[in-house]
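Below is one structure; the comments refer to it alone.
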Amino acid sequence: MATLHVRRFPDALYQRLAKLAGAERRSLGAEVTVLIERALARPAAAQATVLRTLDRLRVRPSRTSVPASLELLKADRRR
């Protein structure tokens, strides 16, 4: 099994992590492992959710609301 060393880890974050590990009755290393596993498992599901939401919210213009390019050229030439 690999060993992970983290340099310049913020003291305040370390204290929060240690408190969370204690509340979950895990060692500091076990808590870090659980948190990283959860974080790495999320992106695919979260990305799929975001894409579905964006697709649902996407505005699809109707064909009648878009002027024909020929009409736009004619109007531009009349200016």
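Laboratory data are not the source of any read-out in this text; all were calculated from the coordinates shown. Quantities reported herein were computed from a predicted structural model and do not represent experimental measurements. Cβ sites come from the backbone with ideal geometry, for glycine too, and all protein chains shown count toward neighbours.
Worth a mention:
- Over the chain: helical MRE at 222 nm, DSSP H runs n ≥ 4 each giving -39500 (n - 2.57), nearest 500: -22500 deg cm²/dmol
- Only one residue of L40, A23, L57 has its Cα farthest out toward the positive end of the dipole of the stretch 8-58, where Lys and Arg carry +1 and Asp and Glu -1 on Cβ, and that residue is L57.
- Here the 3J(HN,Hα) profile of the stretch 12-26, calculated from phi with Karplus coefficients 6.51, -1.76 and 1.60 at θ = phi - 60°, is 5, 5, 4, 4, 5, 5, 5, 5, 5, 4, x, 5, 8, 6, 10 Hz, Gly and Pro shown as x.
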